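Let me begin by presenting the structure, written as structure tokens, before commenting on it.
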Amino acid sequence: MIPVFIGATLLIFLMVNVMGDPIAGLCGDKQCDPATAAQLKKEFGLDKPVWQQYLTYMGNVFTGDFGTAFNGQKVTDLMSTAFPVTIRLTIVAILFEIVIGISLGVVTGLKRGRPVDTTVLLLTLVVISVPTFVTGLLLQLLLGVEWGWIKPSVSTEATFGELIVPGLVLASVSLAYVTRLTRTSIAENRRSDYVRTAVAKGLPRRRVIIRHLLRNSLIPVVTFIGTDIGALMGGAIVTERIFNIHGVGFQLYQGILRQNTQTVVGFVTVLVLVFLVANLLVDLLYAVLDPRIRYA
Amino acid sequence: MPEQPNDPELAIAGTGMGGPMDLATSEAATLDKTPGPDGGGPQDRPRSLWSDAWRDLRRNPVFIISALVILFLVVISIWPSLIASGNPLKCNLSKAQEGSQPGHPFGYDGQGCDVYTRTVYGARTSVTVGVLATLGVSLLGSVLGGLAGFFSGVWDSVLSRITDIFFAIPVVLGGLVLLSVVTSNTVWPVIGFMVLLGWPQISRIARGSVITAKQNDYVQAARALGASNSRLLLRHIAPNAVAPVIVVATIALGTYISLEATLSYLGVGLKPPTVSWGIDISSASTYVRNAPHALLWPSGALAITVLAFIMLGDAVRDALDPKLR
Amino acid sequence: MLLEVRDLHVEFRTRDGVAKAVNGVNYGVDAGETLAVLGESGSGKSVTAQAVMGILDMPPGKITGGEILFQGKDLLKLKEEERRKVRGAEMAMIFQDALSSLNPVLSVGDQLGEMFTVHRGMSRKDARTKAIELMDRVRIPAAKERVRQFPHQFSGGMRQRIMIAMALALEPALIIADEPTTALDVTVQAQVMDLLAELQRELRMGLILITHDLGVVADVADRIAVMYAGRIVEQAPVHDIYKAPAHPYTKGLLESIPRLDQKGQELYAIKGLPPNLMNIPPGCAFNPRCPMAQDVCRTDVPPLHEVDDQRVSACHFWRECLNG
């Protein structure tokens, strides 16, 4: 996990610092004059070799210092306003995955081969195929502009209520994926010997499904949803842009367009960290859910 | 071997590619791990596997429809003038945002360009990017992953670490960072980026299926009979390991098209004057209240194209893996 | 009769056609009696048992005819909810592979206790106590500690004891054991079988023992029903069958057991393959493999002939067979 963290952050660090010109954003649209450029480079430590810059940066990060954006704002300040918004958005998305995705997966898994299964399965393919930004724009057009059910763009408070539709858009692809995964898992376990045993024990159908079938089938689904947390937060760029949500994706997008190195590297570092921590938690959760792993 | 800790479903989930990329990997993982009807892997009987699959596919309406759609897309990508006589770059500002009218069934966009013509020409860009990116990713990924799976050892460990690192970076984010500094307005930077970030996905699949194929008895037998490494790889392992890669590559092709449009929508993918659905959708979204048609047509075309490739891959996977039916 | 299966027919409808798995089976078992059902895989012995238990996968399975009388009631006429109350409580089943038949993510205590909470409405605490009692009863050492463990933490023999404990939990009148020892080590097989037989005697349960192992049968069974292609071809008290089979298929089965006194001789094997259930041969289903087959066997389905008041055979030439 630590090598992955170092590798991923270094990769981003290199991309931003080597591919781009870290001080280009400072002088506005004009080219910086060489003297100012040199001065600025020295000020930000950019005259040193990249590996040294990276080490200094990571050293600072571990003391909670993510540096300062070129406009003088502390990156941590940006984070403290942006992350709560994106976390709320992610929570909404995860709730959709759990409630809709798992329910649809259970229904289709139990009714495998029936019309409802085929229909939902086809729908999931459609949802997966339509790019998120298209889904988002269409929902915004329909619900926000044509029917007026929601405000087309989210206010700066970004309350849970406002985030319902954006959360659904963000969740859409994962939701389809959760449905398919649950369906496969349910359909596979439904024919398993222990479910047959549960039926032979004379347990009511509900109990067979919930306690025996679901408990086993949801192990891969729960772990998927867990790992998806990181992916959702990193993938929120598109959704946040469509609905004008001032979260992590918005800050990143602005940072990249304005070549604001500190903001970009800082946010990406935290996102990678979230992704890795989520993965670690999922591994632990997996052991809790599956005793075969726990006592292996 | 630095394995993912637990079951394959989880390993897929850890891709972090976010979005559609995950589907392809997961589907292939099921393909990879599910034994065929005879208890062996689906690679056990290559010839009858493929001919069985083909027999199933010919009877599958989903396959036929998606194959026809793809055929149509390929044809109009090569000869767009077959169905669109206009020039996608010839626009008439005075007609901006006008709706459907005779000769211009899809109306005009914000610059007064004919939406129909641009939608038709957009197919060429999407198909080109999708096909080239998939070819690049498949080649690089299969070679790296296949060799890692075959030789194991240090090379395999290093490769697995590298793929882990790539999976930790969200794709769209990586695209934004890398492509935002590119000024070229050709398709090559976008394709290059996709190959750079996409290969670990295929390499993981290729590695897995090579390891499965390697353990087959007849491969062990060939090895015992003194077959050379290159002969083993090319004659015995590759033909049996290729099925999951093909399935993932087909589905991935759809997702690359979708990714290109997403990047173009974010303003870092393709740039005008290239005709791309992503660019058109992006600009149409700014005046969607006045001219929703300029948003809907390219969106629809994009959705159908991606859907066709994903459904094709899905159908092929089902045909190759009868147990999942 | 505790259980009586009358003229049962079961089909499986699949994409490739209709498989006739059970074609008119009749058998019965009394309280305290052990009936061994013998046959190759695909002979319909497990499907019949699943139909009796009511755990047949429907679809693709379908019961197309017959009656299953249990304690005088036709189970096939019961509503699913009434049927469920019979399952587990009045009749229970022991499966072949205990590892896959036990739920991997629930402790054995939970799985045993569930019988009492669901059927008897006991509290979880009382059910746990009952579970420990049951584990003691099937002689699992340190039951108090092990009740919290999961199936994969037990050895194969111990797991099968847990399956047995689960089946016996509510002291049902009938137990169906589907190849209960096949998956076990040879050394453990006898222990588990003895335990099962002992508990059966103690509780005076009817036992249907499905197996293809004639060695097991000789020790514990009272009567044997031999199945072939979804039909009973011979049913008789165990000693009669071993003395002189009245059906060529039974004869073939008996002759294919390796015997110490015939060491060095070639093992007998019934030639050919079991029939395709989608395309059962006309006449006697066994005719293509039968060394005694005549023209009549290829055209007429043999009825069940009464060999004596205890014994039936579905062979046109049962007399010839009986006499060697």
What number of residues within the stretch C:87-108 satisfy the criterion of being more than 7 Å from every other protein chain (Cβ to nearest Cβ), surrounded by fewer than 24 Cβ atoms within 10 Å (Cβ to Cβ) and either over 16 Å from A:L214 (Cα atoms) or of a type in the set (S, T, Y) (or both)?
4
Every listed condition ((1) small (G, A, S); (2) modelled with pLDDT of 75 or more; (3) part of a helix (DSSP H, G or I)) holds for A:G64 save (3)
Would you check if there is a residue in the stretch C:289-305 being modelled with pLDDT of 85 or more and in contact with a Pro (Cβ under 6 Å, 6 or more places away or on another chain)?
no
Looking at (1) assigned to a loop (DSSP other than H, G, I, E, B); (2) surrounded by 17 or more Cβ atoms within 10 Å (Cβ to Cβ), which one does C:I241 not meet, given that it meets all the others?
(1)
Would it be correct to say that B:G130 is within 30 Å of B:N240 (Cα to Cα) and surrounded by 22 or more Cβ atoms within 10 Å (Cβ to Cβ)?
yes
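Which residue out of B:L197, B:L179, B:L173 is closer than 25 Å to B:G254 by Cβ, free of Cβ contacts under 8 Å to residues at least 12 places away in the same chain and either of a type in the set (K, R) or crowded, with 17+ Cβ neighbours inside 10 Å (or both)?
Values: B:L197 fails: free of Cβ contacts under 8 Å to residues at least 12 places away in the same chain; B:L179 fails: free of Cβ contacts under 8 Å to residues at least 12 places away in the same chain.
Unique residue meeting the criteria: B:L173.
Select the helices (runs of 4 or more DSSP H) contained entirely in the stretch C:111-196, then report the ones holding at least 2 residues which are on the phi < 0 side of the Ramachandran plot and touching a residue at least 40 places away in the same chain (Cβ under 8 Å).
On the way: elements: C:124-137, C:143-146, C:156-168.
Result: C:156-168.
Taking the stated definitions as given, is A:L121 surrounded by fewer than 23 Cβ atoms within 10 Å (Cβ to Cβ) and within 13 Å of another protein chain (Cβ to nearest Cβ)?
Numbers: surrounded by fewer than 23 Cβ atoms within 10 Å (Cβ to Cβ): yes; within 13 Å of another protein chain (Cβ to nearest Cβ): yes.
So A:L121 fits the description; yes.
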By residue number, the members of the stretch B:87-117 that are outside any strand (DSSP E or B) and acidic (D, E) are B:E98, B:D109
Just the residues that are free of Cβ contacts under 8 Å to residues at least 24 places away in the same chain and part of a loop (DSSP other than H, G, I, E, B), please, taken from the stretch C:244-260.
C:S256, C:P258, C:R259
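Looking at C:V108, is it in contact with a helix residue (DSSP H, G or I) (Cβ under 8 Å, 6 or more places away or on another chain) and either free of Cβ contacts under 8 Å to residues at least 40 places away in the same chain or within 15 Å of A:G202 (Cβ to Cβ) (or both)? Walk me through it before giving the result.
Details: in contact with a helix residue (DSSP H, G or I) (Cβ under 8 Å, 6 or more places away or on another chain): yes; either free of Cβ contacts under 8 Å to residues at least 40 places away in the same chain or within 15 Å of A:G202 (Cβ to Cβ) (or both): no.
For C:V108, the condition - in contact with a helix residue (DSSP H, G or I) (Cβ under 8 Å, 6 or more places away or on another chain) and either free of Cβ contacts under 8 Å to residues at least 40 places away in the same chain or within 15 Å of A:G202 (Cβ to Cβ) (or both) - is not met.
Could you check the stretch B:286-304 and list, in sequence order, the residues that are facing chain A (nearest Cβ under 10 Å) and in contact with a Phe, Trp or Tyr (Cβ under 8 Å, 6 or more places away or on another chain)? Talk me through it step by step, then tell me what you get.
Taking the stretch B:286-304 first, the residues facing chain A (nearest Cβ under 10 Å) are B:288-289, B:292, B:295-296, B:298-300, B:302-304.
Residues satisfying the conditions are B:P298, B:S299, B:L302.
So which of B:A67, B:A11, B:A84, B:A24 is in a helix (DSSP H, G or I), at pLDDT 50 or above and out of contact with any His (no Cβ under 6 Å at 6 or more places or on another chain)?
Working: B:A11 fails: at pLDDT 50 or above; B:A84 fails: in a helix (DSSP H, G or I); B:A24 fails: at pLDDT 50 or above.
Just one listed residue meets the conditions, B:A67.
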Mind checking which residues of the stretch A:237-269 are more than 11 Å from chain B (Cβ to nearest Cβ), among the aromatic types (F, W, Y) and surrounded by 24 or more Cβ atoms within 10 Å (Cβ to Cβ)?
A:F243
Condition check for A:V173: without any contact (Cβ under 8 Å) to a residue 60 or more places away in the chain, away from chain C (no Cβ under 13 Å) and over 14 Å from A:I102 (Cβ atoms)
yes
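The values are calculated or read from the model by the stated rules, or taken from the named source; none is laboratory data. Model, not experiment: these values are computed from the prediction. Don't worry about glycine lacking a Cβ; one is built from the backbone with ideal geometry, like all the others, and counts go over all protein chains shown.
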